[in-house]
Amino acid sequence: MRTSFNLKMRLAALTGGHLFGNCTIMALAAIATNLKNELGINAEEYGWLIGIYMIVQGFIAIPGGLLIDYIGTRIVFASSMLLAAAGTAVIGAASSFGTACFGMLMLGAGYGLVNPCTSKTVFDIFPRERRASAMGIKQTGVPLGGILGAMIAGVLIDISDRAEILCGFAILIALAAGLALLLPCNTSGPKTPPLKGMLTVMRDKNLQIFNASIGIFQASMYAMLANIAAFCREAIGADPTISATCLSIAQTASALGRLSWGAISDLLFAAKRKPVLLIIGTLGTSSLLGMALASPNWHFYIILALAFPVGLATAGYVGVTQTVCVETSDKKLTATAVGTNRIFTSAGAGIGLPFFGWIVDHFGYSIAWLALAILFASGTIILTLYFREQPE
């Protein structure tokens with residue numbers, strides 16, 4: 001009973017790390033139109049602003065993963081929360097594009113350490129037949145944080161300002177650093193030197209093929225989440241509250257996806273991950289094509305309904321993919337493996353966000369959604385043809 005309780009408390013702490021780490025970026029997505037107006041930036045520059053958040057995670061992914069593998073999760077987790085809190089405060093106070101970019105760099109660096117911390121912990125404390133479910137549960141913190149950020153920011157932006165809203169989020173994130181006390185103490189690290197451990201992971205061809213396909217998925221995911229509220233306001237003509245609701249529906253579906261896809265993998269496919277990823281790829285491509293067909297003539301409730309499968313597939317897959325990542329790698333270097341995955345996902349999101357914004361500026365939202373559908377389909381094809389799932 002005590003062991004079961006400890007597992008639940010640790011899983012709650014891991015989920016909380018994602019919740020508080022992700023609330024800022026989705027709060028910014030909910031007030032994207034206000035942010036662009038206040039900083040005097042267009043859709044492409046907004047894409048780069050969010051892209052910086054992703055790109056910096058790629059730069060710190062390998063050293064951060066190695067740090068976690070060799071010294072443990074507690075110290076790194078607490079530091080990541082404090083850094084994310086500082087970045088949130090800087091973005092709230094920013095009066096220029098450059099200052100906002102600096103804040104996003106700090107925020108991205110902080111949250112970039114959360115994924116390898118939490119994924120390593122899940123791998124270490126859960127057996128294979130429960131691992132994808134546990135990974136999915138802790139990943140629900142991401143959309144839950146998104147719902148928290150989007151709804152609070154979307155509602156308060158009409159009665160408050162960006163600085164006050166983000167200052168409140170910064171305080172919450174700083175307090176979340178205390179969750180590190182619930183994580184397990186440092187276990188024995190790898191016996192190989194850090195450089196050799198890094199090269200071992202980076203030379204794993206099968207893992208890097210998988211990472212490339214998920215990097216493509218991530219480009220679609222973050223472009224969708226960062227722009228769906230702005231799409232509702234600018235292309236469909238919805239008000240800020242309803243637009244934030246659309247983003248929240250996508251985030252809610254993402255949370256359900258992170259719970260259900262992992263459980264489906266564990267229970268219905270005997271802990272096999274690839275079949276579930278192919279289902280996700282098919283649904284994600286189809287739902288993004290539906291977004292490309294949307295027009296101002298559609299009733300807005302159709303867009304709200306469409307946001308659910310979009311969020312379920314294009315943003316709900318992460319628990320399964322992180323499970324694959326740690327199961328494909330050396331068991332002593334799981335955080336480093338997640339770090340290499342983060343390089344690809346950060347690159348995908350960092351390029352995909354401004355690319356989506358560039359298409360919006362030049363061709364409109366319909367073509368931009370079509371481009372995301374093509375991207376998601378290409379990631380699915382790579383998984384189907386080239387990735388080999390590892391046996392137990």
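Below are the figures for this structure:
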| item | result |
| --- | --- |
| Among 264-277, 363-376, the order from most to least packed when residues are scored by Cβ within 10 Å on average | 363-376, 264-277 |
| Two-site FRET efficiency, SER295 against LEU195, from Cβ-Cβ distance with R₀ of 56 Å, rounded to 0.05 | 0.55 |
| The chain, helix-only ellipticity at 222 nm - DSSP H runs n ≥ 4, -39,500 (n - 2.57), divided by all residues, nearest 500 | -27500 deg cm²/dmol |
| Estimated distance in nm for a label pair at SER260 and LEU7, the labels positioned 7 Å out from Cα along Cα-to-Cβ | 2.4 nm |
| Once the Cα gyration tensor of region 136-255 is diagonalised, semi-axes √(5λ) in Å | 36, 22, 12 |
| Charge tally in the Cβ shell below 13 Å around ILE279, where Lys, Arg are +1 and Asp, Glu are -1, ILE279 excluded | +3 |
| Helix 205-231 axis, angle to the chain major axis (alpha carbon atoms, nearest 10°) | 30 degrees |
| Inter-label distance, nm, simple model (7 Å from Cα along the C-beta direction), LEU82/THR33 | 4.0 nm |
| Using alpha-carbon coordinates, inclination of helix 2-30 to the longest axis of the chain, degrees | 30 degrees |
| Linear extension gain, LEU385 paired with ILE171, 0.36 nm per residue minus alpha-carbon span | 72.4 nm |
| Region 192-238: radius of gyration and largest Cα-Cα distance (Dmax), Å | 18.5, 57 |
| Length added when fully stretched, ALA93-ASN42, from 0.36 nm per residue minus Cα-Cα | 16.4 nm |
| Relative frequency of Cα-Cα separations exceeding 25 Å in the chain, percent | 50 percent |
| DSSP-assigned coil residues among chymotrypsin sites (Phe, Trp or Tyr not before Pro) in region 273-343, each with at most 15 further Cβ atoms within 10 Å | TRP298 |
| q = 0.12, 0.14, 0.23 Å⁻¹: log10 I(q)/I(0) that the Debye formula gives for region 1-99, counting C-alpha atoms only | -0.53, -0.68, -1.29 |
| Over 12 Å [Cα-Cα, region 132-172], rounded percent | 63 percent |
| Dipole magnitude of the chain, debye to nearest 20 (Cβ charges: Lys/Arg +1, Asp/Glu -1, about Cα centre) | 1480 debye |
| Added length on full extension, which subtracts the Cα-Cα distance from 0.36 nm per residue, THR282 to GLU164 | 38.3 nm |
| Relative contact order (%) - criterion: Cα under 8 Å, at least six apart; region: the chain | 30 percent |
| Nearest-0.05 FRET efficiency for THR241 and ALA270, computed from C-beta distance (R0 51 Å) | 0.70 |
| Spin-label model distance (nm) - ILE75 vs ILE367, 7 Å beyond Cα toward Cβ | 5.2 nm |
| Descending semi-axes in Å of region 305-392, equivalent ellipsoid built from Cα gyration tensor | 29, 15, 12 |
| Dipole of the chain, positive end: most advanced residue of THR285, CYS185, ILE249 [Cβ charges, Cα centre] | CYS185 |
| At 1.306 mPa s and 10 °C, Stokes diffusion of region 22-173 via Kirkwood alpha-carbon radius, µm² per second | 99 µm²/s |
| Sites ARG203 and ASP124 - FRET efficiency at Förster radius 22 Å, r taken between beta-carbons, to 0.05 | 0.40 |
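Only the coordinates and a few stated rules stand behind these numbers; no lab work does. In this text, all values refer to a predicted model and were calculated from it rather than measured experimentally. As a convention, Cβ positions derive from the backbone with ideal geometry for all residues, glycine included, and neighbour counts pool all protein chains shown.
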